[in-house]
Amino acid sequence: MSSRNKILASWDSLWVIRGELSRRTYIMFALFGMLVPLAAWWGVSVSGWMDKVFMPGPMEVVSRAYTWFMDDELSHDIWISTYRVMAGFALSAVLAIPIGLMIGTYRPVQAMLEPLTDFIRYMPAVAFIPLVMLWVGIDESSKIAIIFIGTFFQMVLMVAEDVRRVPITQIEAAQTMGASRGEIVSLVIVPSAKPALLDTLRVTMGWAWTYLVVAELVAANSGLGYSILRAQRFMQTDKIFAGIILIGLIGLTIDQLFRWLHRRNFPWMYKK
Amino acid sequence: MTTKISIQAAHKTFGSGEKAIVALQEVNLEIGSNEFVTFVGASGCGKSTLLRCIGGLESLSSGSIKVDGETINGPGVDRAMVFQHYSLYPWLTVTENIKFSRQLRAGREDLTSSDVEAASGRADALINLMGLNHVRDAYPNQLSGGMQQRVAIARALLPRPQILLMDEPFGALDAQTREVMHDMILHVSKLEKTTIVFVTHDVEEAIYLGQRVVVMAPRPGRVDSIYQVDLPEQRDQDMKLAPGFLQQKKAILTRIRETAGMHTDYELLERMTQQAAQQNDMQ
Ligand SMILES: Nc1ncnc2c1ncn2[C@@H]1O[C@H](COP(=O)(O)OP(=O)(O)O)[C@@H](O)[C@H]1O
Ligand SMILES: [Mg+2]
């Protein structure tokens, strides 16, 4: 085979449907996928097609993030936003997991709560802001409440679905071994659903961050979402970019943390 | 032989009104202590339903099932069940799966400390008996289908059930693995003196394992006929080729086809072939 043919053949082998990719090739493609948009962004910003005011370049954004950090309390903004997300998310999880578990396990609970939850989840969380301000006020708890409203109802339904996905034969096997209902829940359903539950938490954590910006619309005076909104008033597009990218990076970090927890806690899923 | 399981006028209907399905109709059967009974029949004839009723996972619409003269009411540790698949706990190792019933309150009731010690020895004995020693710390998804079923059987046997209910336990295995499993389960049934009720769609398997083969018929699900198997107690794979075995296999297969109303319409096939040929000519 000529070397040209060899290259063609190995190129072709990359595109096998659902094929395998070596770790090195994978990283190369991933870097390519990240660097191309970055380069395009940089290209547009230096070409002068768009006004710098509307389209700051990567360097402007980095330097704005730096001054934000040095002179303008970036670390406090990150901290307070992370705190709000975590608090709203934790509150959701603490309530949604037991409720979802009951819905997925006992039919009467399902009949009682699932249609209701389904209904509420279609109401836009943003529209609750005026009510939240009236009921909860405008302090920290209102921001936490909005993140809670945005994530809780979805989470309940997803947890219920995770629980229902536990194979019935796993449950029946326990029944024939004489397990009581409580034992089936604690020794079969919960451990069996755990990996899916952690994935549900990972996904809803992403939504919690998207509700952050909405929450910080509510009379906040600090936080990443708040800073982005205020930067718009001052035409600081570089700060808007910096804020959005920072939220993305924090989200990505937390997502990776969840994935790491998954691999660590459920080693049996990764052994072949 | 003393009677272990006694099924009396068992009826089971799913649903109601127009859509009601009679899964079991007037089933009467006695199964002896330490007997190995196999059930075959066209799909949908109620084999699984009957097994699940004996296991207590379903309740009868009317009639009764008695074990040692006592009417059953729900699942019990005296009756263990082995499913076709997906019943192992993937987050537990082989050993932990086998010992699962030991953490249950029902399994711990009135145990003395020497019982507990004996039970621990029993898990090891079962692991050895099932040839699972080299995979005792593996997780189920690291095992082949045959190995997984060995674990499921060991787990079911741990609390010394008097009855083992098996629903097509080897249905997903390849032919060679299945033969090995057959001799293994026969060995176990002798060693443990367990009464085994075994559902399968494989007539050869049913004859090779069973002392009696019960043929069920569909719509409504019922017992059609019962065949006594005349094979030496010590089975041997070569027996499957003996004339007597083949004769019985043929008789049972024919009977199942009759109950299901299945037959190949050769005339229709012939007509379709001719039609296709004509259409090809016209093009
Ligand atoms: N849970 C159920 N609900 C409604 N119908 C059922 C249920 N389980 C079984 N059936 C029906 O009962 C009949 C017997 O089923 P089954 O016992 O599974 O047959 P087999 O195991 O012999 O194939 C079938 O017609 C099946 O559709
Ligand atoms: Mg069946």
How many of the residues making up segment B:218-242 are open to solvent by 100 Å² or more (accessible area, probe 1.4 Å) and in a helix (DSSP H, G or I)? 2
Taking B:Leu191, is it of a type outside the set (D, E, K, R), touching a residue at least 40 places away in the same chain (Cβ under 8 Å) and farther than 30 Å from B:Lys19 by Cα? yes
Can you confirm whether segment B:232-247 contains a residue that is in contact with a Gly (Cβ under 9 Å, 6 or more places away or on another chain) and within 30 Å of B:Leu129 (Cβ to Cβ)? no
Out of all the residues in segment A:142-175, which are among the hydrophobic types (A, V, I, L, M, F, W, C), open to solvent by less than 40 Å² (accessible area, probe 1.4 Å) and under 30 Å from B:Asp167 (Cβ atoms)? A:Ala160, A:Val163, A:Val166, A:Ile171, A:Ala173, A:Ala174
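Yes/no matrix, rows are residues, columns are (1) away from ligand 2 (no atom under 16 Å from the Cβ); (2) more than 13 Å from chain A (Cβ to nearest Cβ):
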position	(1), (2)
B:Ser48	no, no
B:Ser64	yes, yes
B:Thr71	yes, yes
B:Asp78	yes, no
B:Phe83	no, no
Which ranges mark the strands (runs of 3 or more DSSP E) fully within segment B:1-60 that have 1 or more residues being on the phi > 0 side of the Ramachandran plot and within 12 Å of ligand 1 (Cβ to nearest atom)? B:36-41
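Let's see how each residue does on (1) open to solvent by less than 10 Å² (accessible area, probe 1.4 Å); (2) touching a residue at least 60 places away in the same chain (Cβ under 8 Å):
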| position | (1), (2) |
| --- | --- |
| B:Thr2 | no, no |
| B:Ala10 | yes, no |
| B:Gly17 | no, no |
| B:Leu24 | yes, yes |
| B:Val27 | yes, yes |
| B:Val37 | yes, yes |
| B:Ser43 | no, yes |
| B:Leu50 | yes, yes |
Taking B:Glu267 and the conditions (1) within 16 Å of ligand 2 (Cβ to nearest atom); (2) assigned to a helix (DSSP H, G or I); (3) open to solvent by 70 Å² or more (accessible area, probe 1.4 Å), which numbered condition does it fall short on, given that it satisfies the others? (1)
Breaking point among (1) part of a loop (DSSP other than H, G, I, E, B); (2) more than 7 Å from chain A (Cβ to nearest Cβ), for B:Glu96: (1)
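Can you name every residue in segment A:122-135 that is in a helix (DSSP H, G or I) and open to solvent by 60 Å² or more (accessible area, probe 1.4 Å)?
Result: A:Val126, A:Ala127, A:Pro130, A:Leu131, A:Met133, A:Leu134, A:Trp135.
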For segment A:172-181, what are the residues that are facing another protein chain (nearest Cβ under 9 Å) and part of a helix (DSSP H, G or I)? A:Glu172, A:Ala173, A:Ala174, A:Gln175, A:Thr176
Hey, any hits in segment A:53-68 for a residue that's modelled with pLDDT of 95 or more, open to solvent by 60 Å² or more (accessible area, probe 1.4 Å), among the aliphatic types (A, V, I, L, M) and within 26 Å of the chain's Cα centre (by Cα)? no
Options B:Gly131, B:Gly145, B:Gly171; residue that is in contact with a Leu (Cβ under 6 Å, 6 or more places away or on another chain) and either away from chain A (no Cβ under 12 Å) or more than 16 Å from ligand 1 (Cβ to nearest atom) (or both): B:Gly145
Working only within segment A:229-272, note down all residues that are surrounded by 14 or more Cβ atoms within 10 Å (Cβ to Cβ), farther than 16 Å from A:Trp68 by Cα and without any contact (Cβ under 8 Å) to a residue 40 or more places away in the chain. A:Trp268
Restricting attention to segment B:63-103, which residues are over 25 Å from B:Leu173 (Cα atoms), open to solvent by less than 50 Å² (accessible area, probe 1.4 Å) and among the hydroxyl-bearing types (Ser, Thr, Tyr)? B:Ser64, B:Ser101
Taking segment A:139-194 and keeping residues under 30 Å from B:Ser101 (Cβ atoms) and among the small types (Gly, Ala, Ser) leaves A:Ala160, A:Ala173, A:Ala174, A:Gly178, A:Ala179, A:Ser180, A:Gly182, A:Ser186, A:Ser192, A:Ala193
Hey, among the residues in segment B:161-182 that are surrounded by fewer than 17 Cβ atoms within 10 Å (Cβ to Cβ) and acidic (Asp, Glu), which one's farthest from ligand 2 (Cβ to nearest atom)? B:Glu179
Would you check if B:Thr259 is assigned to a helix (DSSP H, G or I), without any contact (Cβ under 8 Å) to a residue 24 or more places away in the chain and under 37 Å from the mean Cα position of the chain (by Cα)? no
Selection from segment B:183-202 of residues within 21 Å of B:Asp238 (Cα to Cα), within 16 Å of ligand 1 (Cβ to nearest atom) and open to solvent by less than 10 Å² (accessible area, probe 1.4 Å) yields B:Thr200
Does A:Met86 meet the test of being within 24 Å of the chain's Cα centre (by Cα), loosely packed, with under 11 Cβ neighbours inside 10 Å and at pLDDT 90 or above? no
Close pairs from segment B:146-172: first at positive phi, partner within 16 Å of ligand 2 (Cβ to nearest atom) and not hydroxyl-bearing (Ser, Thr, Tyr), Cβ under 8 Å, at least 6 apart: B:Glu168/B:Gln84; B:Glu168/B:Val199; B:Glu168/B:His201
What number goes with the only condition from (1) over 20 Å from the mean Cα position of the chain (by Cα); (2) under 25 Å from B:Ile196 (Cα atoms); (3) within 16 Å of ligand 2 (Cβ to nearest atom); (4) not hydrophobic (A, V, I, L, M, F, W, C) that B:Pro218 does not pass? (1)
Which numbered condition in (1) more than 19 Å from the chain's Cα centre (by Cα); (2) more than 16 Å from ligand 2 (Cβ to nearest atom) is the only one that B:Asn28 fails? (1)
Quick one: what pairs do we get from segment B:111-130, first residue among the β-branched types (Val, Ile, Thr), second at pLDDT 65 or above, C-beta under 6 Å, 6+ apart or different chains? B:Ile127/B:Asn133; B:Ile127/B:Arg136
So B:Tyr89 ticks every box in (1) within 30 Å of B:Ala251 (Cβ to Cβ); (2) within 13 Å of chain A (Cβ to nearest Cβ) but one. Which box is left unticked? (1)
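The values are calculated or read from the model by the stated rules, or taken from the named source; none is laboratory data. Small disclaimer: the values here were computed from a predicted structure and weren't measured. Here the Cβ is made from the backbone with ideal geometry for all residues, glycine too, and neighbour counts use every protein chain on show. Each accessible area value is taken on the protein alone, full model and side chains, heavy atoms only, with ligands, DNA and RNA left out. Shrake-Rupley method; radii C 1.70, N 1.55, O 1.52, S 1.80 Å.
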